[in-house]
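> Would you mind keeping the following structure in view while I ask a few things?
The values are calculated or read from the model by the stated rules, or taken from the named source; none is laboratory data. Predicted model, so just to flag it, every value in this text is computed and none were measured. When we count neighbours, we look across all protein chains shown, and the Cβ atoms used for this are built from the backbone with ideal geometry, even at glycine. Each accessible area value is taken on the protein alone, full model and side chains, heavy atoms only, with ligands, DNA and RNA left out. Shrake-Rupley method; radii C 1.70, N 1.55, O 1.52, S 1.80 Å.
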Amino acid sequence: MDGNASNDESFNIDWDTDDEREIENLVPCSSSSFSVPNGNVNAGSGEGCSSAVSAKVRLIYDMKFPEDLVLKAIEQHGEEDQFESILETVLSLQALQNSPEQQQCINSGQCSSAYNDDLLNVLSDSDSWCESEMNNTTNTSMVDDKRLLALTKMDFSVAEASIAIDRCGPEASIDELTDFIIAAQMARADEAFFKEPPDENKSKHSERKRKLNELEVLKKEKKGAQANETIRFPKPMVGFGVPTEEGTLVLQRSLPMAATGPPYFYYENVAQAPKGVWDTISSFLYDIQPEFVDSKFFSAAARKRGYIHNLPIDKRFLLKPLPPKTIHEALPLTRRWWPSWDTRTKLNCLQTCTASAKLTERIRKALEGYENDPPQNVQKFVIDECKKWNLVWVGKNKVAPLECDEVEMLLGFPKNHTRGGGISRTDRYKSLGNSFQVDTVAYHLSVLKDRFPGGINLLSLFSGIGGAEVALHRLGIPLKNVVSVEISEANQNIVRSWWEQTNQKGNLIHIADVQKLNGDKLEEFVASFGGFDLVVGGSPCNNLAGSNRHHRDGLEGEQSSLFYEYVRILDLVKGMIS
C-alpha cells in the first residue's frame with residue numbers, strides 16, 4: 001500500500017495532424033476546365049489564357065449564377081482582379097432580386113441591418129443548402145456565409161467548404177479555398193488509386209480485432225466504474241460486536257460445512273476494496289461472509305478492515321491493559337497545544353508514508369498571522385491536511401507527523417518493535433502501515449486460548465512485522481512452531497529480533513517467497529510437527545481501493561493477486577490435515 005503520490009507528467013503535443021501535413025506538401029492542381037455560358041471562353045488547361053475574361057471571373061460563371069446578374073456585376077467593377085467585389089455584388093443582386101421588400105429598402109436608401117437578415121434567409125433557402133447543414137456550420141459571419149454559398153454552387157459539398165474555410169482562415173479568398181479543396185480531393189484520389197485491393201480475410205480479421213478492442217474498452221470502463229464503488233458497511237463497524245459497544249454482541253453464527261474442521265484460518269484485507277472484491281474473496285474462502293471491523297473501537301486510530309475466518313465468536317475478550325481510545329489519552333502532551341476548532345478525537349488510518357516538512361511549515365505560516373482563531377477557510381485547510389496525514393499539535397501554530405514509536409503504540413506493538421537492526425525510518429513507516437492492529441486481531445484470536453493451552457503451531461503468510469505472532473503472545477498462547485512467510489528482509493529481521501527479545505521457546509522458520517511454498521514443503525512441516533493449528537495472513541492491498549492504493553486492478557493486480565496463493569496454501573494444508 002504505497003501512499004506516495006505520483007509525480008506530474010508533461011507531454012509534448014504535436015499540433016500538426018497527419019492530414020494537415022499532407023495538404024501542406026501538395027501542389028495545387030494545374031489543370032482545370034471552365035465553361036462560360038455564352039461560349040466566349042473555353043480553356044482546357046491551367047496555362048495563361050488570352051481571353052478578355054479573367055480566370056477568376058470565369059469561376060463566377062461556373063457557379064451557375066444568373067448570367068444577367070454576373071454581367072451587371074462585371075460592368076460595375078470591370079473584369080481584371082475584381083473577383084471578390086464581383087462575387088459580392090452578384091450575391092447582393094440575387095438577394096435583392098428574391099426579396100421585394102429589401103429591394104424597396106435599398107432603393108429608398110435605407111440600407112440597415114435588415115439586409116443581413118434577408119441575405120441569410122436567401123442562403124438558407126438555396127437548393128444546395130439544408131437546415132441541418134446550416135445548423136452544423138460553426139462560422140456564421142456574413143463573409144463565411146457568402147464563401148460557403150459560392151463553394152457549394154461550385155458543386156463542392158458543405159462539409160468540404162466548411163473545412164476549407166475553417167483551415168484557411170477568415171482572410172482566404174475563394175480561389176485559395178478551391179485550391180485547398182481540390183488538393184484534398186486529389187490526395188484522396190491518389191490514396192484510393194494506390195491502395196491494394198481489399199483482402200477479404202484481412203478485412204474479417206480487422207473487424208474481429210476491432211470488436212475485441214471495443215470489448216476490452218468496455219471491460220476497462222466497467223472495471224473503472226466498479227473501482228469507484230465500494231460496498232456499504234454496517235454502522236457501527238464492529239463485526240460481531242465489541243464489549244465496549246452495548247447491544248452489538250453476536251454470540252453464534254453458522255459456517256458452511258466445507259469451512260469447519262482444522263485448521264483454523266484467519267484472513268484480513270482492507271474493507272474499502274472495489275465493488276465485488278469481497279464477494280470474490282468470500283467465494284474462494286468457503287463462502288464465509290466477512291466480518292468488517294474498524295479499529296477505532298479498539299484504539300485511538302481508525303483502521304477499517306475485513307476479516308474472513310472460521311473461528312468461534314463466543315467468549316472473546318479484550319487484551320489487558322486496554323489501549324488508549326482517544327488522541328489525548330494516547331498522546332497527552334498534545335493536549336496543551338490543541339486548538340478548540342480542531343475537534344478530532346480519533347486519528348485516521350495510519351499510512352505507509354508521512355507528511356513532509358514543507359507541509360508542516362506551510363501550515364505554521366498560514367496560522368502565525370492570526371492572534372485568535374483563524375478564519376474558516378484557513379481552519380478548513382489545516383484540518384483537511386491534519387486528517388489526511390494524521391498531524392498532531394506539538395506547539396503554538398505547530399503541527400507534526402506521528403513518530404514511528406507513536407505509530408507502534410497506536411497499533412499495539414511493543415516499544416521499539418521496528419527500531420534498530422539496520423531498518424530506515426522510511427521502511428519503519430512502510431512496515432507499520434501494512435501491519436495488523438494488534439488489539440483488534442487479538443480480540444478475534446482470543447477464543448483460541450482455551451483451545452490450545454499447550455501452545456499453537458502457526459503458519460503466518462505475508463506475516464509482515466509479526467502482528468499475529470505478537471497478538472498470540474500477548475494473549476498468553478505459547479508459540480510452539482511458527483512458519484513465517486515474508487518477502488521483506490527488513491520485516492524478517494524485525495520478527496527475528498522480537499522472537500529473541502521475548503525469549504520464545506518454540507521454532508521460528510522463515511520462508512521468503514509465498515509462491516515457492518509448495519506441497520512438498522508443507523508435507524515436511526506437517527510430518528515434522530503434526531500440521532498447523534492456525535493459518536493466518538493478509539495479502540497485499542496495493543491494487544485495492546483505499547488511501548494507500550497503488551493501482552486499481554483489484555485482485556487481478558500484480559500484488560493483490562497473491563490472495564490466491566493464500567487460498568492455494570490453505571487448501572493444501574486443509575487437505576493434508578483432513
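> From the phi of every residue in segment 488-493, what ³J(HN,Hα) in whole Hz does the Karplus formula 6.51 cos²θ - 1.76 cosθ + 1.60 yield, where θ is phi - 60° and glycine or proline is x?
Calculated HN-Hα couplings, in order: 7, 5, 4, 5, 4, 5 Hz.
> Using a cut-off of 11 Å between beta-carbons, work out the net charge of the residues near Gly537 (Lys and Arg +1, Asp and Glu -1, Gly537 not included).
Local net charge: -3.
> Follow-up question, since we're still on this one. Rounded, prolate or oblate: which fits segment 279-392, taking a ≥ b ≥ c as square roots of the Cα gyration tensor eigenvalues, rounded meaning a/c under 1.5, else prolate when a/b beats b/c?
prolate
> Enter the accessible area of Trp337 (Å², nearest 10), with the probe set to 1.4 Å and all protein chains included.
Roll a 1.4 Å probe over it and Trp337 shows about 90 Å².
> Starting at the first residue of segment 496-502, write each ³J(HN,Hα) from the Karplus equation 6.51 cos²θ - 1.76 cosθ + 1.60 with θ = phi - 60°, in whole Hz, x for Gly and Pro.
So the J values, rounded to whole Hz, are 4, 5, 4, 4, 6, 5, 8.
> Go through segment 294-324 and name the trypsin sites (Lys or Arg not before Pro) that are in a DSSP coil and have 15 or fewer other Cβ atoms within 10 Å of their Cβ.
Passing both the DSSP loop test and the Cβ count: Lys315.
> Give the long-range amide H neighbours of Arg303: residues separated by 5 or more places, or on another chain, with amide H under 5 Å away, using H modelled in the peptide plane at 1.01 Å from N.
Ser295, Lys296
> Using a simple spin-label model with points 7 Å from Cα along the Cα→Cβ vector, what separation in nm is obtained for Asn213 and Val567?
3.3
> Roll a 1.4 Å probe over the protein chains and send me the accessible area per residue for segment 332-396 in Å².
62
> Something else now. If the limit is 30 Å between Cα atoms, which of Lys325/Lys380; Lys72/Lys146; Lys320/Lys430; Lys480/Lys574; Lys235/Lys396 go over it?
In this structure, Lys235/Lys396 lie more than 30 Å apart at Cα.
> Given a 1.4 Å probe and the protein chains all in place, what does the accessible area of Val70 round to, in Å² to the nearest 10?
So the heavy atoms of Val70 present about 0 Å² to solvent.
> Could you compute how much accessible surface Arg362 exposes when probed at 1.4 Å, giving the result in Å² to the nearest 10?
That residue has around 130 Å² of solvent-accessible surface.
> Tally Lys and Arg at +1 and Asp and Glu at -1 over the other residues with C-beta under 14 Å from the C-beta of Met576: what net charge comes out?
Summing Lys and Arg as +1 and Asp and Glu as -1 gives -2.
> Okay, next question. Can you pull the one-decimal nm distance between simple spin-label points at Thr248 and Asn518, each 7 Å off the Cα toward Cβ?
That separation, rounded to one decimal, is 4.6 nm.
> Using a 1.4 Å probe and counting only protein heavy atoms, arrange Tyr429, Tyr264 so the residue with the most accessible area comes first.
Tyr264, Tyr429
> Within 11 Å, Cβ to Cβ, of Pro478, how many net charges do the neighbouring residues add up to if Lys/Arg are +1 and Asp/Glu are -1?
Net of charged neighbours comes to +3.
> Let me ask another. Can you list the residues, at least 5 places off or on another chain, whose amide H is less than 5 Å from the amide H of Phe462, using H built in the peptide plane?
Val485
> In square nanometres and to one decimal, what's the mean projected area of the convex hull around the Cα atoms of segment 301-347?
5.0
> For a paramagnetic label modelled at 7 Å from the Cα of Ile383 toward its Cβ, which residues of segment 340-367 fall within the zone defined by backbone nitrogen distances under 12 Å?
340-345
> Per 0.36 nm of contour for each residue apart, how much would the distance between Phe317 and Asp279 grow if the chain were fully extended, relative to their Cα-Cα spacing?
That pair, Phe317 and Asp279, stretches by 10.8 nm at full extension.
> For the full complex of protein chains and a 1.4 angstrom probe, list Leu555, Leu71 by accessible area with the highest value first.
Heavy-atom accessible area, descending, gives Leu71, Leu555.
> On to the next question. For Met576, Met154, write out the residues from largest to smallest accessible area, computed with a 1.4 angstrom probe and no ligands counted.
Met576, Met154
> Now for a different question. What nm distance separates the two modelled labels at Lys304 and Met576, each placed 7 Å from Cα along Cα→Cβ?
About 3.8 nm, to one decimal.
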